[in-house]
Amino acid sequence: MGEGSEKDLLGAIKQAEAKIQEIELKNLLSMEHDQLNAFVSFSSGAGGVDAQDWTEMLMRMYTRWATNKGFKVTVAEYSPGDEAGVKSATLHIEGPYAFGFLKSEKGVHRLVRISPFDANHRRHTSFSLVEVLPELPPAEDIEINPDDLRIDTFNASGHGGQNVQKNDTAVRITHIPTGLVVACQNERSQGLNRAMAMKILSSRLQDLANVQLAEEEKKLRGPRVSIEWGNQIRSYVLQPYTLVKDNRTGYEVGSVDRVLEGDLDELIWAYLKWAVKNK
């Protein structure tokens, strides 16, 4: 086989591998919200200043991972530690499937190392919580389908029940899909009362949409966990040996430094494949 033919064959193999990976990725990232941007929040846990330093290390790790992907990273919130590190912080990461990739990172992360803050150079264990949420689109302006409304008119009544108008100027609107009912009788004409009732209905539907959005975010966030031993999803051990181990998938990486520099793809892919098998 000539040199040119060999290069062509290698190129074709790489293209085929890339296509297979693309297909696999679409299968792994096919859940609702996977394609969205992500908010990644960090909270230091048990371990004092070591935990705050560990939280900053995690923040840097995810920033480097995202930057290497070509994603945009913005610090949305930052609360510095007392002596070093970070108490809490939030990153806004913008890029295709940012949430789909990073949802694997939600949970408590544990670090074991010789503390740089301990004069006696003892081994310390630190914990930090990583929370990941998709950037959900805001509730859009409500479009009300006229077919979803039942509109009734009635005589407007003043204080004590006396009739204000002899004509049916008051308006009651029922939004059939939600059961919301609004009424207005203070305006002088049926048309004005109807317009005001529609404004009230639109506001209530908007409020309902915001509540539903908040419930969706709460569901995605999941239950709160204590940031301490026993709840970790992944351990990063620097002493007495070096190892990163994901407690869910069992996947291990020997080079902790490489992972802390943002090389997370192996761990993320392992989780995505594990999640598909165990859903």
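Close amide H contacts of R234 (hydrogens built in the peptide plane, cut-off under 5 Å, sequence separation of 5 or more or a different chain): R110, N247.
Principal semi-axes of the equivalent ellipsoid, √(5λ) from the alpha carbon gyration tensor of the chain, are 54, 28, 15 Å from largest down. What the phi angles of segment 122-136 give under the Karplus curve with 6.51, -1.76 and 1.60, with θ = phi - 60°, is a coupling list of 8, 7, 10, 10, 10, 10, 8, 9, 10, 10, 10, 10, x, 7, 6 Hz, glycine and proline written as x. Could you state the number of Å between the C-alpha centres of segment 179-248 and segment 28-77? Centre-to-centre (Cα) distance: 21 Å.
Contact order for segment 170-279, expressed relative to its length and based on alpha carbon pairs under 8 Å spaced 6+ residues apart, stands at 12 percent. Among K103, K69, K199, the largest mean-square fluctuation in a Gaussian network model of the chain (Cα springs under 10 Å) belongs to K199. Think of the chain as having a plus end and a minus end, set by charges on the Cβ of Lys, Arg, Asp and Glu; of Q212, Y271, A16, Q212 sits farthest toward the positive end of this dipole.
What residues from segment 112-155 fall in the zone where the backbone N is under 17 Å from a label point 7 Å along the Cα-to-C-beta line of Y241? The answer is 112-114, whose backbone nitrogens lie closer than 17 Å to the label point. Just checking the listed ones, D53, D263, D148: in the Gaussian network model of the chain with Cα springs under 10 Å, the one fluctuating most is D148. Summing charges over all other residues whose Cβ lies under 10 Å from the Cβ of L136, with Lys and Arg as +1 and Asp and Glu as -1, gives -3. Under a Gaussian network description of the chain, with springs only between Cα atoms under 10 Å, the residue in L28, L192, L243 that fluctuates furthest is L192.
Where a number appears in this text, it was derived from the coordinates with a stated rule and is not lab data. Just so you know, these numbers come straight off a predicted model, no measurement behind them. With ideal geometry, Cβ positions are generated from the backbone for all residues, glycine too; neighbour counts draw on all protein chains shown.
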